[in-house]
1. I want the local charge near VAL106. Using Cβ-Cβ distances under 13 Å, sum +1 for each Lys or Arg and -1 for each Asp or Glu among the other residues.
2. Among residues other than ASN69 whose Cβ falls under 14 Å from its Cβ, what is the net charge (Lys/Arg +1, Asp/Glu -1)?
3. Can you list, bin by bin at 5 Å, the percent of alpha carbon pairs in the chain, starting at 0?
4. Under a point-charge model restricted to the Cβ atoms of Lys and Arg (+1) and Asp and Glu (-1), what is the dipole moment magnitude of region 91-167 relative to its Cα centre, in debye to the nearest 20?
5. Using θ = phi - 60° and the Karplus relation 6.51 cos²θ - 1.76 cosθ + 1.60, list the HN-Hα couplings for region 34-42 in order, rounded to whole Hz, with x at every Gly or Pro.
6. Lys and Arg at +1, Asp and Glu at -1: add these up for the other residues within a Cβ distance under 11 Å of TRP147 and post the number.
7. Looking at the P(r) of region 91-167, how many percent of alpha-carbon pairs lie beyond 19 Å?
8. From the phi of every residue in region 111-126, what ³J(HN,Hα) in whole Hz does the Karplus formula 6.51 cos²θ - 1.76 cosθ + 1.60 yield, where θ is phi - 60° and glycine or proline is x?
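The values are calculated or read from the model by the stated rules, or taken from the named source; none is laboratory data. Note that this is a predicted model, so its numbers are computed, not measured. Cβ: placed from backbone, ideal geometry, glycine included. Neighbour counts: every protein chain shown. Ligands, DNA and RNA are stripped out before the accessible areas are found, and what is left, the full protein with its side chains, is counted by its heavy atoms. Shrake-Rupley method; radii C 1.70, N 1.55, O 1.52, S 1.80 Å.
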Amino acid sequence: MREKRKIKFYNGPAPRDYVAELLRYFSEAFGVEASEFFNPNRLEETCFGVVCVLYEGRAPSPRAVFSGNAVAVVVKGHVVLTPVLYEKVFGRLGLVAAVKASEQGVKAFLYGKDLLLESVLEIYPPVDSYVAVVDSVDGLVVGVARWDSGSRVFRNIFDIGLYLRGFG
């Protein structure tokens with residue numbers, strides 16, 4: 001018989017410190033106001049266990065987990081943009097605060113591994129904070145990493161494989 005797991009669930013306003021972190025990241029990494037891409041005053045938070053999603057709230061529905069555009073994911077205290085929002089930013093600004101990874105690097109990254117420097121094909125500054133990891137094959141954002149100068153790797157903070165590993 002399959003063991004039942006319970007996942008803690010929370011839904012409410014986005015914490016102010018998370019919103020402040022997002023605003024600061026947009027200013028420092030992209031040189032633009034976050035309000036050009038979402039309304040910071042309408043951010044809500046939904047948490048499933050240890051993973052939280054920040055989203056631009058819409059009309060609430062009693063049966064909806066969340067409604068609106070996902071803006072960020074909070075994993076282990078890191079507040080990082082969603083791949084969809086990174087792609088929206090890149091559509092307007094071009095690649096910035098990103099690394100383009102080889103096919104082999106992307107595969108490892110999607111399994112939760114760090115991105116080795118030899119798997120990085122191109123770097124788009126600034127890289128002193130979070131960077132989007134971009135698949136060199138299709139140009140899609142597959143996650144977010146942070147440069148670790150001591151180990152000389154891009155540490156996996158969040159990747160889209162997390163959904164399958166965490167909820168699969």
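1. Numbers: positive: LYS100, LYS107, LYS113; negative: GLU103, ASP114, ASP135, ASP138, ASP159.
It works out to a net charge of -2.
2. Charge balance in the 14 Å sphere: -2.
3. It works out to 2, 8, 18, 20, 19, 15, 10, 5, 2, 1, 0, in whole percents.
4. 160 debye
5. Once rounded to whole Hz, the list reads 4, 5, 6, 10, 7, 8, x, 6, 10.
6. Charge balance in the 11 Å sphere: 0.
7. The share of Cα pairs beyond 19 Å in region 91-167 comes to 25 percent.
8. The phi angles translate into 9, x, 7, 6, 9, 6, 4, 5, 8, 8, 8, 8, 10, 10, x, x Hz.
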